[in-house]
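The next block holds one structure in the form of structure tokens; read it before the comments.
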Amino acid sequence: MPAQTSTKTIPDETSNTEPENDKRSDVGLHSTDEFKKEETGRMNPTSFTVAPTLNVGGKKYFKSLKPCGYCDIQECCFPSATFKTTGDAVYRIQHGCCCLPCCFGFSAYDSKDKIGSYALGGCFDAPCCGSLVVDGKFIDAKGEAKFFLKHESVCCDGVKICCASFCHLFGCLTCYKYYCSPEQYREYRQPIYRTLETSAPVAYFKYVDRIRGPCSSDERLSMSIEPADELSDDDFQLLAFYLILTSGYADFELGMNFSYLARNSVTPYGVEGIDELVGIHKRSLTEKDAVHQGLVNMY
């Protein structure tokens with residue numbers, strides 16, 4: 001009888017302890033997962049983005065480091081700046097000749113083919129005796145002009161520019177904007193035309209600037225392309241590298257070729273009298289309005 005009793009109690013104890021152990025182990029796993037979720041929710045990552053990115057058609061590109069050897073003659077004669085993404089896509093800007101920056105323009109390439117080129121307006125792009133001034137032109141891979149930057153010149157433009165530059169350089173205008181105006185942000189829109197004959201722009205280069213301080217130039221926050229008509233993906237790729245050229249982000253790679261382009265390209269000067277002469281329209285905003293309208297990128 002005692003032996004039979006012992007044999008009956010052993011399986012009973014075993015059967016009772018197994019569910020309890022399973023139950024305890026399940027509770028332990030659930031509590032660990034919940035703890036991890038709570039810790040993950042409390043630990044928000046922090047970052048501070050300094051280097052800008054190029055966004056073309058939903059793809060974000062970063063400027064790639066391009067080490068040059070001492071015998072890289074091609075890079076010395078034809079300087080370039082390369083932008084890469086997470087895949088195999090490449091967006092590259094190259095100048096035609098380092099020794100003659102005034103005679104050659106810039107060209108853009110993807111990983112396979114040439115996208116197009118940009119060149120400053122020349123003497124033969126518009127009639128010599130007319131009021132039309134061609135500031136720049138975008139040429140596709142076939143050599144055909146696709147877009148133009150232009151404006152109409154009027155009498156005494158040079159006098160107006162000299163007077164406005166004098167007031168700007170001596171800090172009169174910047175001091176007024178900094179101390180007396182609540183509108184700290186500026187939005188500039190530069191029209192892009194399909195042909196020289198049309199008056200309606202097909203798109204705009206949009207610049208967002210912010211006042212930096214008295215007696216100093218404004219700082220640029222962002223640059224983008226705002227379409228006013230239907231544009232294809234190839235059109236956006238052709239216009240995109242103008243944002244890089246005028247931003248100054250690739251001036252080290254392009255050298256004096258960028259300096260020549262920056263001095264002769266038409267971009268917002270920061271003085272309303274000068275910007276209006278070249279067809280660039282300005283809109284002033286307060287900090288609250290700029291954030292509400294999405295002009296301040298917070299990502």
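Where strands (runs of 3 or more DSSP E) sit wholly within the range 184-259, those with at least 3 residues that are surrounded by 21 or more Cβ atoms within 10 Å (Cβ to Cβ) and at negative phi occupy 185-192, 203-210.
Against the criterion of being modelled with pLDDT of 80 or more, assigned to a helix (DSSP H, G or I) and either surrounded by fewer than 16 Cβ atoms within 10 Å (Cβ to Cβ) or out of contact with any strand residue (DSSP E or B) (no Cβ under 7 Å at 6 or more places or on another chain) (or both), E276 qualifies.
The values are calculated or read from the model by the stated rules, or taken from the named source; none is laboratory data. From a predicted model like this one, the values you see are computed outputs, not experimental measurements. Cβ: placed from backbone, ideal geometry, glycine included. Neighbour counts: every protein chain shown.
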